[in-house]
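Some notes on the structure that comes next.
The values are calculated or read from the model by the stated rules, or taken from the named source; none is laboratory data. Just so you know, these numbers come straight off a predicted model, no measurement behind them. We work out accessible area using only protein heavy atoms, side chains counted, and drop any ligands, DNA or RNA first. Shrake-Rupley method; radii C 1.70, N 1.55, O 1.52, S 1.80 Å.
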Amino acid sequence: MDNLEHKKFPIGKFQENNTSCDIELESHIKVIKNFPEKLKKLIEDFSDEQLDTPYREGGWTVRQLVNHLADSHANSFIRFKLALTEQNPTIKPYDEAKWAELQDSISMPVKPAMKMLKGIHQRWYVLLKTMTNKQFEKTFRHPEKENDYNLRYFLAFYAWHCNHHFAHIENLKNEKAW
């Protein structure tokens, strides 16, 4: 893996697996539970200058990453609830790159996004802990990818998503010796 590829995917690309075992499922739920506090500890002492530093050349700033996480995880939580309450609903995609360029992602303090993440993840965790194996098999349709995804798969993806963006910020912090 070259350096740019490593900076883009510091923990590797998501490995698709629709059949996570119960032990993996618990591990993914634990990531969802602990992520906001873990992220808070990583960035709590960052200055505005540090928050406005891209994690790689041509990449988003730390501020944009934190706001992206709030946007993305809010969408994911809603997708979970749609799949649990409707029969294979078609979800609404969004252009995450364009969202990251909006002023709330570029210029606002990260505190509101961190509050969103904390609340979303608290609710998401409670929902996940009450779900049955049968509920984890419920699906939604992603129209852009023309595919159905079950919630077991989608949870694995979002656990990866947490760790993926955390690694972006952690690697930058280490690289800059902050």
task = Could you tell me what percent of the accessible area of the chain is made up of carbon and sulfur, with a 1.4 Å probe and every protein chain present?
result = 50 percent
Residue with peak Gaussian network fluctuation, the chain [Cα springs, cutoff 10 Å], from Y94, Y153, Y55 = Y94
message = Using a Gaussian network model on the chain with a 10 Å cutoff between Cα atoms, which of E146, E26, E37 fluctuates the most?
response = E146
query = Under the Kirkwood approximation applied to all pairs of distinct alpha-carbon atoms, what is the hydrodynamic radius of the stretch 64-108 in Å?
reply = 11.5 Å
task = From the P(r) of the stretch 20-178, can you give the percent of Cα pairs sitting at distances over 20 Å?
result = 51 percent
ask   = Given the pairs K111/K138; K38/K134; K41/K92; K41/K118; K92/K138, which are separated by over 23 angstrom at their Cα positions?
value = K111/K138; K38/K134; K41/K92
inquiry  = Just to make sure I understand: if all protein chains stay in place, what is the order of E144, E175 by accessible area at 1.4 Å, largest first?
reply    = E144, E175
request  = Only Cα pairs under 8 Å and at least 6 apart count here; give the relative contact order of the chain as a rounded whole percent.
outcome  = 37 percent
remark   = Of R123, R79, R63, the most mobile residue in a GNM of the chain (C-alpha springs, cutoff 10 Å) is R123
task = Over the chain, give the accessible area per residue in Å² for a 1.4 Å probe, as an integer.
result = 56 Å²
